[in-house]
Each structure stands twice: as C-alpha cells, then as structure tokens.
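What follows is a set of notes on a single structure, which appears directly below.
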Amino acid sequence: MRSSFSRLMPALAVPAALLALALPGSAAQAQYHQEIRNDMAVCRGAGPAVRINVNGIKNGQGLVRAQIYRATQADWLQSGRWMYRIEVPAQAGSMSFCMPVPANGSYAVAVRHDVNGNGSTDLRTDGGAMSNNPSINLFNLGRPSVSRTAFDVSGVTTINITMRYM
C-alpha cells in the first residue's frame, strides 16, 4: 500500500517544475537578462566569445550599452530577450567589448550610445549600431531583420561595427 506522501509526490512534481521556471536565477531564465562586466581577458581565451569593436562614437558623454541576442526572429530586438548586456561610460572614438556566449552558434549584437545617460532612446542625440552594419531607414524603423545582423561564432569571433547618429 502506498503512503500518502508517495501518492502526493506526482501531484507536486508539476507545480515544482513550474515554480523553478518562474524563479529568478533558475536555469530556464539564466539564458536572458544577464548584465555582465566588460572582461576583455575572456576574448584572449578559447571562447566561445565575441569581441565587439565599435567605431564612430561621437563623444564621451553618457553610456554605451552592448547587448547580444540569439540570432532568432523570436529573440532579436525583442524586449527582454537579450542574453547578455554590458553598459559602460562612453569614450569618444572607439571602444571594444568582450561578450561571452554559451556555445558556438549564430548571434546578433545591438549597441546604443545613450548620450545623456537617461536610459531612454533620444532619436536626436543617441547613436546606434548593429552587427554587420545593416542600413537603417524609415522603412525598417531601425529594426533590420535578424538575417541581416546574424553572424556565426566559433571560438573567439571579432566583429567591427560603426555607430550611427541622426
């Protein structure tokens, strides 16, 4: 005869699994929203990682934020779907970031220069850039498709992107 506890266990398994998905820091959520520091030493190792060289930063005011996404339509530029984010004080000219990735594969990068550091996009002053330097115009509203921004990572991969301002 089964004990009350053993009869209750299957009923508790599903709610426990759902709770694990909802808890911050769980394996299911660990794939998104991780703010990390810019550790260039990671890009001197075996990887997988992306060295992002950003050129054309117009001034040293505010913050520059780099975000990496899985190169899928479901993730690319979707709110909250970035994997890792690095945010640092801006430096005029060029800056480099090292973004680790969980595995070799296809990714896309978006960079923003928040000139006044207010956390909002100000079209008249802020700059933006994306992997593969796609054209940005009124027809795509600054959101090029993932197929235009995706690149493959194998080991440590270097990409060069140019900041654009209005």
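Restricting attention to region 81-98, the residues being part of a loop (DSSP other than H, G, I, E, B) and not hydrophobic (A, V, I, L, M, F, W, C) number 2. Among the residues of region 137-156, those that are at pLDDT 85 or above and either under 20 Å from Ala90 (Cα atoms) or assigned to a loop (DSSP other than H, G, I, E, B) (or both) comprise Pro144, Ser145, Ala150, Ser154, Gly155. Do the conditions hold for Val88, that is, is it in contact with a strand residue (DSSP E or B) (Cβ under 7 Å, 6 or more places away or on another chain) and surrounded by 15 or more Cβ atoms within 10 Å (Cβ to Cβ)? The answer is no for Val88. Are any of the residues in region 103-122 in contact with a strand residue (DSSP E or B) (Cβ under 6 Å, 6 or more places away or on another chain) and among the charged types (D, E, K, R)? Yes, some residue in region 103-122 is in contact with a strand residue (DSSP E or B) (Cβ under 6 Å, 6 or more places away or on another chain) and among the charged types (D, E, K, R). Just so you know, in region 117-136 the residues that are modelled with pLDDT of 95 or more and outside any strand (DSSP E or B) include one that is farthest from Gly62 (Cα to Cα), and it is Asn132.
The values are calculated or read from the model by the stated rules, or taken from the named source; none is laboratory data. Nothing here was measured: the structure is a model prediction, and the numbers come from that model. Glycine also receives a Cβ, built like all others from the backbone with ideal geometry; neighbour counts cover every protein chain displayed.
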